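Engineer: Attaching a single structure in structure tokens format; questions to follow.
All of the numbers you see were taken from the coordinates with simple rules; none came from a lab. Only a predicted model underlies this, so the values are computations on that prediction, with no experimental measurement involved. Cβ placement follows ideal geometry from the backbone for every residue including glycine, while neighbour counts extend to all protein chains displayed.
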Amino acid sequence: MKETIKSINPSNGEVIGEVLITSDNELSSKVSQAKSAFTQWRNIPIDVRVETISRAFESLASQQRDLARLMSMEMGKDAKRSSGEVSGVIHSAEYIANLVSDALKPLKQGPRTEIQFTPLGVAAIISPWNYPLAMAANLIIPALVAGNTVIFKPSEETPLVANEMVASLNEILPEHVLQIVHGKKELGQKLVKSDINLVAFTGSKDAGKDIMAKASSGLKRLIMELGGNDPMIVMSNADLDAAARFAVGSSFENAGQMCVSTERVYVDESVADDFVRKVTDVAMRYRVGSWDDRHANIGPIVNHAQYSKIKNHIKDATSKGAQLILGDDSHPAPFIGPTVITDIQPDMLIEKEETFGPIVAIATFAHIDDAINRANDSDYALGAVVFGGKGANNIANQLEAGMIGINRGVGGDGDSPWVGAKQSGFGYRGSVEGHRQFAQVKVVSK
Ligand code: NAD
């Protein structure tokens, strides 16, 4: 009998549907089909590829509501957020496709030489569940515009919504240019080892390391957007209301399941009491509930393994002396209510690891250098934020991260790269340099 993956609604544990796990034979035939489709797709002029891809994503508009509903049911985010994610995917596709196309225009390099950006071949795109369509589309679009064909492995938590999106796109895209495969980690590993040329991955640091090792024998190209453990520093001269609103909003967004969510806050001890009170006031206004509860803004945790991990981080912190200011066990698993913890320490899991839950975890500092050292004392370095007045820029300059926010969240304007430093990334998307990572640089001299 063929193995399946059941998609489970985290709000109530009900099975919504299931998909067949792609077998070894199916995987190799899909790779062969992708290779043969590549020979045609790569020769279609890039502006025609851009137009086709844009039209395919626009066509999702007729299903926006259904896709958003399915996304909410599969991974728990509320209807408004799912709808926003689907709408973002639909409406940014043409914009992204054009940016990629512009970045891949040949460059004249002196009288004899042209630098070209040519397709790599078959791209494996492996994505997570927390933004299941956005994270996939962000990599699928540049890969296809560059002339590659794509084999897409969505997360095992969100296979149905991924299936729906791919089926719709494929009503417009040529055959076998975009294919989907289903499975867990093991299938991802087989895909990486298969005869593909590029792996564009969004997911955890540990999976990224395994992918890098498995891709090495074929020197496959890699783009890896990995996890984070983002710090926030609150200076004594910060606007404390704004800082508290940001700390809570950024810690609780998507039930804390966001790569750049604020995972740890270091606040100047001279303003710490005030800050914690303000944070707690804001946090208490958050409501827990399932995706179709209009008033809820913290949904369920995606699965029981992740729920247990978060609970374990809270227990570890309180057993080592941290104070639980807000939060209790009143919500049934896998819901976790708004949680505020103070007095976190560097040896606690909540400070060391990516917790991925709706928690504002706070420590105080007496000297700014201690805050900077603790902020930087991590293998992760995706984003980092500082709230403060005079001196904030100087602190920002000392923070180690791919993206920094000063009195705001991370993520630059326009076509900025989405990039992690240290073990939060290896290769990136966005910006001319990012788009070119989906192509092979070729120097042609006459
Ligand atoms: P995950 O790494 O467990 O899984 C991501 C995908 O990779 C899934 O499809 C999974 O089946 C597959 N996979 C897992 N192990 C693999 C392996 N060894 N080889 C090949 N494929 C493998 O991550 P997740 O739990 O789905 O997502 C949460 C993680 O993703 C968090 O760490 C979060 O910070 C990160 N994330 C990063 C970004 C970013 O832009 N940097 C964005 C979203 C999520």
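Engineer: First select every other residue whose beta carbon is under 12 angstrom from the beta carbon of residue 155; then total the charges, Lys and Arg +1, Asp and Glu -1.
Structural biologist: 0
Engineer: Whose amide H sits under 5 Å from the amide H of residue 427, counting only residues 5 or more places off or on another chain, with H placed in the peptide plane?
Structural biologist: 224
Engineer: How high is the relative contact order of region 404-446, in percent, counting Cα pairs under 8 Å that sit 6 or more residues apart?
Structural biologist: Relative contact order for region 404-446 comes out at 23 percent.
Engineer: Continuing with this model, one more query. When the chain is modelled as a GNM with alpha-carbon springs shorter than 10 Å, which of 383, 188, 391 fluctuates the most?
Structural biologist: 391
Engineer: Next question, about the same structure. Quick one: net charge around residue 77, please, counting Lys, Arg +1 and Asp, Glu -1 for every other residue with C-beta under 10 Å from its C-beta.
Structural biologist: Residues near residue 77 contribute -2 overall.
Engineer: For region 376-392, what does the Karplus curve 6.51 cos²θ - 1.76 cosθ + 1.60, with θ = phi - 60°, yield as ³J(HN,Hα) per residue in whole Hz, taken in order and with x for Gly and Pro?
Structural biologist: For region 376-392, the Karplus curve yields 8, 7, 7, 5, 6, 6, 7, x, 8, 10, 10, 10, x, x, 4, x, 5 Hz.
Engineer: Something else about it: How large is ³J(HN,Hα) for each residue in region 251-266, as worked out from phi by the Karplus curve 6.51 cos²θ - 1.76 cosθ + 1.60 (θ = phi - 60°), to whole Hz, x for Gly and Pro?
Structural biologist: Computed from phi, the couplings for region 251-266 are 7, 9, 4, 6, 6, x, 9, 9, 4, 9, 6, 6, 9, 7, 10, 10 Hz.
Engineer: List the residues, sorted by chain then number, that are 5 or more residues from residue 265 or on another chain and whose placed amide H is less than 5 Å from its amide H.
Structural biologist: Result for residue 265 returns 232, 361, 362, 363.
Engineer: Under the definition of Cα pairs under 8 Å and six or more residues apart, what whole-number percent is the relative contact order of the chain? Show your work: numbers first, answer last.
Structural biologist: Values: 995 pairs, mean separation 78.8, N = 446.
Normalised by residue count, the contact order of the chain is 18 percent.
Engineer: OK, next. Could you tell me which of 60, 283, 267 has its Cα farthest along the dipole of the chain towards the positive end, charges placed at Cβ (Lys, Arg +1; Asp, Glu -1), taken about the Cα centre?
Structural biologist: 60
Engineer: Right, something else. Pick from 125, 172, 180 the residue whose mean-square fluctuation is largest in a GNM of the chain, springs joining Cα atoms under 10 Å.
Structural biologist: Highest fluctuation among the options: 172.
Engineer: Next up: Sort 103-115, 61-73 by packing, meaning the average of other beta carbons within 10 Å per residue, with the highest value first.
Structural biologist: Going from most to least packed, we get 61-73, 103-115.
Engineer: Which distance in nm do the two modelled labels at residue 64 and residue 184 give, with both placed 7 Å along the Cα-to-Cβ direction?
Structural biologist: 3.7 nm
Engineer: I've got another one for you. Say R0 is 30 Å: what FRET efficiency, to the nearest 0.05, do residue 445 and residue 47 get from their beta-carbon distance?
Structural biologist: Numbers: r = 26 Å, r/R0 = 0.86.
Rounded to the nearest 0.05, the efficiency is 0.70.
Engineer: Continuing with this model, one more query. Please give the net charge around residue 139, taking every other residue with its beta carbon less than 11 angstrom from that of residue 139, where Lys and Arg add +1 and Asp and Glu add -1.
Structural biologist: 0
Engineer: Please compute the contact order of region 230-406 in relative form: average sequence separation of alpha-carbon pairs under 8 Å and at least six residues apart, divided by the residue count, as a percent.
Structural biologist: On the way: 362 pairs, mean separation 52.6, N = 177.
30 percent.
Engineer: Still on this model: Amide H to amide H, which residues 5 or more places from residue 4 or on other chains are under 5 Å from it, using H placed in the peptide plane?
Structural biologist: Amide H neighbours of residue 4: 21.
Engineer: Still on this structure, I have one more. So if I place +1 on the C-beta of Lys and Arg and -1 on the C-beta of Asp and Glu, and nothing else carries charge, what would the dipole magnitude of the chain be about its Cα centre? I want it in debye, nearest 20.
Structural biologist: My answer is approximately 1400 debye.
Engineer: Next up: Can you find, among 398, 240, 125, the residue sitting farthest towards the positive end of the charge dipole of the chain, where Lys and Arg contribute +1 and Asp and Glu -1 at Cβ?
Structural biologist: 125
Engineer: While we're looking at this one, here's another question. With θ taken as phi - 60° and the coefficients 6.51, -1.76 and 1.60, list the Karplus ³J(HN,Hα) couplings across region 429-446 in order, rounded to whole Hz; mark glycine and proline as x.
Structural biologist: 10, x, 6, 4, 4, x, 4, 6, 6, 8, 10, 9, 7, 10, 9, 10, 10, 10
Engineer: Here's another thing I want to ask about it. What whole-number value in cubic angstrom gives the convex hull volume per residue for the C-alpha atoms of region 230-406?
Structural biologist: Output value, Cα hull per residue: 105 Å³.
Engineer: Take residue 112 and residue 24, extend 7 Å from each Cα along the Cα→Cβ direction, and tell me the distance between the two endpoints in nm.
Structural biologist: If labels sit at residue 112 and residue 24, their model points lie 5.1 nm apart.
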